[in-house]
1. Can you name the residue in the range 431-467 that is surrounded by fewer than 20 Cβ atoms within 10 Å (Cβ to Cβ) and not polar (S, T, N, Q) and, of all such residues, is modelled with the lowest pLDDT?
2. Filter the range 599-622 for residues that are at pLDDT below 90, buried (at least 20 other Cβ atoms within 10 Å of the Cβ) and among the aliphatic types (A, V, I, L, M) and give the result.
3. Hey, among the residues in the range 29-42 that are more than 12 Å from L92 (Cα to Cα) and touching a helix residue (DSSP H, G or I) at 6+ places or on another chain (Cβ under 7 Å), which one's surrounded by the fewest Cβ atoms within 10 Å (Cβ to Cβ)?
4. Mind listing whichever residues of the range 501-554 are farther than 20 Å from Q470 by Cβ and either hydroxyl-bearing (S, T, Y) or in a strand (DSSP E or B) (or both)?
5. Looking at (1) touching a residue at least 60 places away in the same chain (Cβ under 8 Å); (2) farther than 25 Å from A658 by Cβ; (3) touching a His at 6+ places or on another chain (Cβ under 8 Å), which one does R513 not meet, given that it meets all the others?
6. Is it fair to say H131 is in a loop (DSSP other than H, G, I, E, B) and over 35 Å from the mean Cα position of the chain (by Cα)?
7. Quick one: which residue in G709, G679, G647 is small (G, A, S), touching a residue at least 40 places away in the same chain (Cβ under 8 Å) and at positive phi?
8. Out of the residues in the range 626-651 meeting the condition of being at pLDDT 90 or above and not in a loop (DSSP other than H, G, I, E, B), tell me which one is surrounded by the most Cβ atoms within 10 Å (Cβ to Cβ).
Amino acid sequence: MNRPDWSVMIPAHQPDPRLLAFTLASIAASGLDLRTNQVALVLAGPRSPALDALIADWQPRGLEVHTHPGTGSLANDWNHALSLARGRFLHLLHQDDAVRPGFYDALAAGFAADPRCGAACTQTEFIDTHHQHLRFGHLDQRDAGPLRRWIEHLVVNLALQCPCIAVRREVYERIGRFDPSYTYCTDADQWARIATEYPVWYDPRPLACYREHSASATHILFPLPRRWRERRRCLRAAAARLSPVIRATALAAGSHYQTRLALTEWNNAWRTATRPLDRIRLLLWHTRLGPRRDRTAIRENRYPAPVPGRPTERSADPATPRHPRVMLLSEFFPHPPDRAVFGVFQRLYRTVEGLSRYGHLDAVFFWSDNYQVPPDQVAAYHRQLSATWPLNGTLHLVSTSTGPTAEAHRHPVRALYWLVRGALSFMQNRPSFRCGGSAQADHLRTLLLELQPDLILAHRTGVAGTLMRQHLDLPPVVLDLEDIDHVKILRFHREAATAPPAWRVHLWAMIARWSTFNATRFANLTLVCSERDRATLRRVAPFARIAILPNTSFARPALPPAPGRIALFVGVAYYPPNAEAIRWLVTDIWPRVRARCPDAVAVIVGEGAAEAAGETDPPGIQLVGFAPDLALHYQHASVCLCPIRRGSGTRIKIIEAAFSARPVVATTIGAEGLAFTHGTDILIADTTEAFADAIIDLFEHPARRAEIGHAARRRADTDYAPSVIVDRLVTLLRDTAAARPEGRA
């Protein structure tokens with residue numbers, strides 16, 4: 001179908017010919033060509049001779065006239081008019097309203113400027129029956145563009161009048177037309193529904209006219225109590241479609257303004273009432289104006305704070321659903337991104353990829369180096385991260401606490417309360433308010449109200465504790481427990497050279513268990529790395545909803561077997577379990593290997609490797625330090641090593657080696673939680689002798705080495721392919737959002 005650009009639909013019921021003539025003349029004067037666009041009068045009810053004469057005068061100019069019997073419902077009559085529309089943009093214009101010159105050009109320019117916008121509107125001028133100016137509308141945005149405070153204007157204040165807005169055809173086709181269950185708030189409900197799904201373009205010029213007069217349908221059809229009831233119902237329905245974090249604020253502000261408007265309407269009715277019966281009726285209606293708190297605020301001339309709004313995120317295709325907003329909270333900021341290759345960052349990378357595929361991602365990092373970073377520097381960090389990570393949204397940094405006991409010193413009672421609630425971080429393997437202090441909680445609250453997420457993913461219990469401190473309804477929360485904190489604490493301090501007293505370690509572990517229990521109870525879904533972690537977590541939180549999301553790594557092409565006797569260890573030595581593994585390898589394991597294989601070389605790649613090794617030039621050891629690209633090291637390596645004896649979670653270095661088709665020798669703890677089987681696609685050894693013997697066996701049997709490497713690659717492709725992990729994460733997010741559409745405290 002060759003559609004016109006505009007369909008201006010004028011539903012009319014026994015219109016005043018004088019006012020209708022002004023409406024039609026305003027359309028012609030606006031610059032719209034009636035012959036190339038559709039301007040249609042949709043009549044219901046009897047026609048007067050004056051109306052027939054007006055129609056006869058305008059039909060030759062291009063006016064379409066349609067008649068129907070009428071339904072007695074504004075929504076049904078408006079929907080019937082829309083069903084006759086053929087244009088790309090649909091404008092519903094009341095029989096007594098008008099537009100100013102340039103109205104349609106302004107809205108067309110708005111639609112062209114931002115194809116994501118589903119509707120476009122202008123400021124409204126209120127006029128009387130003599131076409132004289134009364135006042136302008138409440139929209140206070142001064143520049144043209146997407147309406148920023150749309151919640152304030154369309155949900156709270158109901159400030160958008162029908163003649164000032166036009167809608168894309170596809171928007172009506174996707175979200176439906178006017179709801180017939182409304183009588184007074186028919187249009188307000190529709191505009192709020194549209195703004196929830198699409199940005200609304202706004203031009204601040206008053207190019208639409210809304211007429212106020214005692215003969216309008218608003219005054220004739222709707223007594224005051226019905227208006228008040230419908231406004232409250234419309235507010236509740238619109239608020240239910242908002243992010244839960246802003247819902248209570250919108251409801252409270254909307255209640256205030258509705259009470260203020262109802263009081264104005266009641267006062268006007270009282271001044272014009274002449275009959276005693278009318279005044280008695282108004283006295284009875286006075287009790288329905290609104291809550292006492294709102295009437296008290298009005299008497300004291302207090303107004304609610306402006307309600308922030310954020311234009312909907314979506315693609316330019318109006319037929320598609322909007323993008324849900326998801327917020328990522330993490331204590332691990334990948335800075336600089338090219339050096340953030342540690343295992344936790346590889347999991348975080350895939351998490352960011354899955355969240356960005358699911359919706360619009362806003363990343364919030366609690367960062368110890370962030371002390372009042374200026375906005376331009378945050379923007380620079382954002383550009384660096386977006387260049388290498390799949391981050392499709394915004395970046396926000398929250399400064400962490402200056403010390404583990406700073407919160408307790410500043411707010412001891414509050415700290416004790418949240419200690420009991422378990423709202424703590426265990427990033428340093430001991431409890432602290434690193435990211436859960438009052439300052440961090442206040443900063444996060446500000447971000448929640450600004451970003452208004454539909455779903456939150458909290459990376460580890462520390463940031464979950466900060467969420468627990470929010471006095472807000474929250475959307476569904478997904479908790480990612482890459483590590484089980486109490487297990488990590490017990491293992492981490494078991495053999496450390498500077499281990500704290502045992503009683504303190506067990507106290508920390510007990511606090512971590514309690515924190516994990518509260519965090520998993522608070523979350524709608526908890527993600528763990530393996531079946532083993534799920535079993536461990538089930539003992540702590542038996543009623544938690546837990547799903548397995550395995551770790552993965554950057555997939556590499558399978559490499560042909562390497563002929564030499566080179567073993568590779570990859571790991572950041574600043575992480576204590578890696579440092580201990582390096583020392584064990586250098587001092588105990590490798591001398592045994594070299595005694596039987598003098599030409600064997602162990603290559604240790606990772607920041608701090610030289611410091612961890614201790615010796616300046618260990619025999620048969622090559623210390624590389626940080627390497628931005630590991631491909632060459634995997635190509636030359638014939639065996640990969642994972643001599644980890646502490647920690648929790650699953651080791652990504654094993655998955656990474658498997659993708660390169662390299663056999664791995666690991667400890668039981670190093671390989672725990674992974675699907676690799678000893679003797680088939682990995683070798684497990686826990687003592688120095690057994691570990692060295694396994695390495696030597698692989699060096700001396702190239703065929704076995706190749707067989708285990710290829711089996712490991714097949715296992716990695718089956719269970720740890722990045723695309724499979726990301727798809728699973730997206731599915732889990734969608735299921736969680738669908739299962740818990742309402743907010744939760």
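The values are calculated or read from the model by the stated rules, or taken from the named source; none is laboratory data. This is a predicted model, so every value here is computed, not measured. Cβ coordinates were reconstructed from backbone atoms using ideal geometry, including for glycine residues, and neighbour counts include every protein chain displayed.
1. Residues of the range 431-467 surrounded by fewer than 20 Cβ atoms within 10 Å (Cβ to Cβ): 438-439, 442-443, 445-447, 449-450.
After this cut, where a residue has to be not polar (S, T, N, Q) as well, the list is 439, 442-443, 445, 447, 449-450.
On the way: A439: 88, D442: 92, H443: 93, R445: 95, L447: 95, L449: 93, E450: 93.
The qualifying residue modelled with the lowest pLDDT is A439.
2. A609, A612, A613, listed by residue number.
3. The residue in question is G31.
4. L527, V528, S530, T536, I546, A547, I548, T552, S553
5. (1)
6. Numbers: in a loop (DSSP other than H, G, I, E, B): yes; over 35 Å from the mean Cα position of the chain (by Cα): yes.
Yes; evaluated as a whole, the condition is true for this residue.
7. G647
8. L641
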